[in-house]
Amino acid sequence: MKIKSLVLIGCLLSVSLGSVATTPVYLDNNAPLEDRVEDALSRMTLEEKVALCHAIGKFASSGVPRLGIKEIWMSDGPHGVRQEINFNNWGAAGWTIDSVTAFPALTALAATWNPMLSELYGKSLGEEALYREKDVMLGPGVNIYRTPLNGRNFEYMGEDPYLASVMVAPYVDGMQSNGVAACVKHYALNNQEKWRGSTDVHLSDRALYEIYLPAFKSAVDAGVWSVMGSYNKYNGQHACHNERLLMDILKGEWGFDGVVITDWGGAHDTKEAALNGLDIEMGSYTNGLTTEGEGFTYNDYYLAAPYLAMLKSGEVPMSTIDDKARRVLRLIFRTSMNSNKGFGSLTTPEHYEAAKAIGDEAIVLMKNDKVGKEPLLPISTQGKGKILVVGDNAVRLLNEGGGSSELKARDMVTPLQAMKDTYGDRVEFAQGYMAGRSMYNREEIIPQNIQDSLRNQAVEMAKEAEIVVLFGGLNKNGFQDTESTDRKEYGLPFSQPELIEALTAVNPNVVLVLLSGNAVEMPWINKVPAILQGWYLGTMGGASLASVISGEVNPSGKLPFSFPVKLTDNGAHYYGEASYPGIDQSQEYMEDIFVGYRWHDTKKIPALFPFGHGLSYTTFSYGKPVVSSSKMSADGSITVTVPVTNTGNVEGKEVVQLYIQDVKSSLPRPIKELKGFEKISLKPGETTNVVFNITPNDLKFFEPESHQWIAEPGDFKALIGTSSTDIKTTVPFKFV
Ligand code: BGC
């Protein structure tokens, strides 16, 4: 008996050991990633490998069904999970369970200058993506704010490469901690929407490396799993299969191990796509964004049958497909076949709280003059006077329109609703101007007599009100803050300048709340005592705005881009059309490295509101800095410690900013560049020491001849302040 049972146990053991041994490594979630990838690759046919490299639907790409390797589901986008789109065309699928949290737009996130909120953003959005069963979220966008006319600036993180770099990394971390890939976009140089599919960008290597690439590199260093190529060309070659951008820089210098996905319809050539590092082609033909042909199937994509044929004929090497397939498999195992990931959640109270917290810290108090003895803001909830809320943007759903970042939000708290919730029946409403319907690529022209009569009505009501709060700005209509078109004018649209002039003529207490992702011209600025920049804040936007207006929240946002007085004060526009929008679809970034405040500083053209600017309902004083050493060596660092005190009456947050100035350099450099910041919270009377650690990396510029980042010995200054122009204290030091 004993022997028999031993034999039986032995048989069972060998059966079970045998079955463990034959479980394919690629299906073992605990096996090392690269082992899974190699194992899967070794089992695949050439056809199966090629199938990984192109779309099988508008937002899906293939897995390997025979091996049980799942496909990848993607979705826009940066500010929330987009409504479900039909599998094969752009129509809305008409689901009733795809309403989401609309998070604040990325310009707003950047304006918080708070990396912890960026991580919360990525994590919360990733949870919504998981619930909606998405593997790749098409965002965040980190194209640099070059011109205020760019229709998509609201989707990006401002004009400064350092700020965008610091803010993008935690977003990626937070998102990917869910097993959902971020797809940082649009790589690279998609800095305008006009001619976005064809414009050929030329710029110096210094501008490329110092200004336009750092935020992408930061996302790669943070371990981003996918990158989206952009529509435009760079040096004559489309960015989605640009040898220099993808092979030399992204996959070469930076060692990116993830997947390059086209922008939708961004592929144009099989051989280039095969050789130059494109991994997944999306959106071509089949009702994609390109219109080259009808009757094409997914198998006609550049990286489908034509690629297979080139591989078979030897026109492109087999190593190209193995590299692409490895990368796509890596992405699949990190996301769709990651069995450690959770189930996610949608429109939870926590997500609404996250959206509110981000919105609260994003709003920038740009101006707050005294009217009588006190600044106009905040407006006390204890008062009795009438508050006239004016403006199309007080009631417009700004989650709609704008292109691919549009959202079907479950809830949107409009500014008017939030003002009523806060101030009750003190609030009255007048539309004041009409902005028309939100149409992609098109604009509705509103007859002047309608604008005149709306304005007249608002002006009559303003005469009777104690305070007027105008919610204006831009919106997501064609030629406003939207994809595929740039703005046509720097000024406010829809007859708002006339409205502002008329309201301020009858009531001195006008608060202007600008909802936009872009700077606007303000020739009327001296007539408006208080201005808030309120961005596009999504689901909880109205609530955040009312919290700041009432003083329940003390504003602490800082501008992530400069507001030039006039358009030609901006570096991209200074040189005329050769620089923006280009001539014959070719453009030269003639302002070079002098983008945003770097331009205003260097050319001594003051901005109306500078980069980094933002007021508070309290005041802060900066004490005497202490520097650890007046000399820094190549392998050393120094610290600068600055005491900051809240000298006002209410608790508040301040963003303490560190800029570095290279006093003398062999190549032209900006007067100063942001190299550190810290957001602190202080109670009235409280002081805290802010410590900045400065290393040789903070002193470097990109030297194109040697293709190196270098720091030249000599004199430097650490400039510490509350904006790029309001420098409170300066510490000289030497680099030896
Ligand atoms: C946009 C991308 C977007 C894609 C998919 C393109 O038009 O440029 O940002 O992710 O469409 O909707």
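Every number in this text was worked out from the coordinates using simple rules, so none of it is lab data. Because the structure is predicted, anything quoted here is derived from the model rather than measured. Cβ sites come from the backbone with ideal geometry, for glycine too, and all protein chains shown count toward neighbours.
Brief remarks on what is shown
- Derived scalar couplings ³J(HN,Hα) [region 652-657; Karplus, 6.51 cos²θ - 1.76 cosθ + 1.60; whole Hz; x for Gly, Pro]: x, 10, 10, 9, 8, 10
- Mean separation of Cα contacts under 8 Å, 6 or more apart, over the residue count of the chain: relative contact order %: 14 percent
- The chain: Rg to Rh, with Rh as the Kirkwood radius over Cα pairs: 1.01
- Pair residue 34, residue 664: separation of 7 Å Cα→Cβ label points (nm): 4.9 nm
- Size-normalised alpha-carbon gyration radius of region 113-219, reference 2.2 N^0.38 Å: 1.10
- Qualifying lysines (Cα of each under 19 Å from Cα of residue 271; at least 8 residues distant if same chain): 49, 233, 251, 312, 324
- Ordered by the count of other Cβ atoms within 10 Å of each Cβ, fewest first, 183, 53 give 53, 183.
- Average Cα contact separation per residue, region 220-333, under 8 Å, 6 or more apart, as relative contact order %: 24 percent
- Debye log10 I(q)/I(0) at q = 0.12, 0.15 Å⁻¹ for region 165-284, Cα point scatterers: -0.39, -0.62
- In degrees, nearest ten, helix 496-506 long axis to first principal axis of the chain (Cα): 30 degrees
- Panel order for 356, 312, by other beta carbons found within 10 Å of each beta carbon, from fewest to most: 312, 356.
- Across the cross-link table entries 367/604; 367/734; 624/700; 463/488; 217/367, which are compared at the Cα atoms, the separations over 28 Å belong to 367/734; 463/488; 217/367.
- Cα pair count fraction exceeding 17 Å, expressed as % - region 65-153: 58 percent
- With contacts taken as Cα pairs under 8 Å and at least 6 residues apart, region 141-266 reaches a relative contact order of 27 percent.
- Computed label-point distance, nm, for sites residue 449 and residue 312 using a 7 Å Cα→Cβ extension: 6.9 nm
- Region 34-76: equivalent-ellipsoid semi-axes (sqrt of 5 x gyration tensor eigenvalues, Cα, Å): 20, 11, 8
- Cα centroid separation, region 454-517 to region 157-235 (Å): 33 Å
- Angle between the chain longest axis and helix 448-464 axis [Cα atoms, degrees, rounded to 10]: 60 degrees
- Distance between region 657-736 and region 340-366 - C-alpha centres, whole angstrom: 32 Å
- Shape box of region 555-692 [Cα atoms, principal axes, largest first, Å]: 58, 41, 22
- When only alpha carbons of region 391-484 are considered, Rg and Dmax amount to 14.7, 42 Å.
- Each principal axis of the Cα atoms in region 109-162 has its own extent, and those three values, largest first, are 37, 23, 13 angstrom.
- Order of 216, 296 - criterion: other Cβ atoms within 10 Å of each residue's Cβ, fewest first: 296, 216
- Estimated [θ] at 222 nm from DSSP helical runs (n ≥ 4, -39500 (n - 2.57)) normalised by residues in the chain, nearest 500: -8000 deg cm²/dmol
- On Cα atoms only, tilt of 161-176 relative to the major axis of the chain in degrees: 50 degrees
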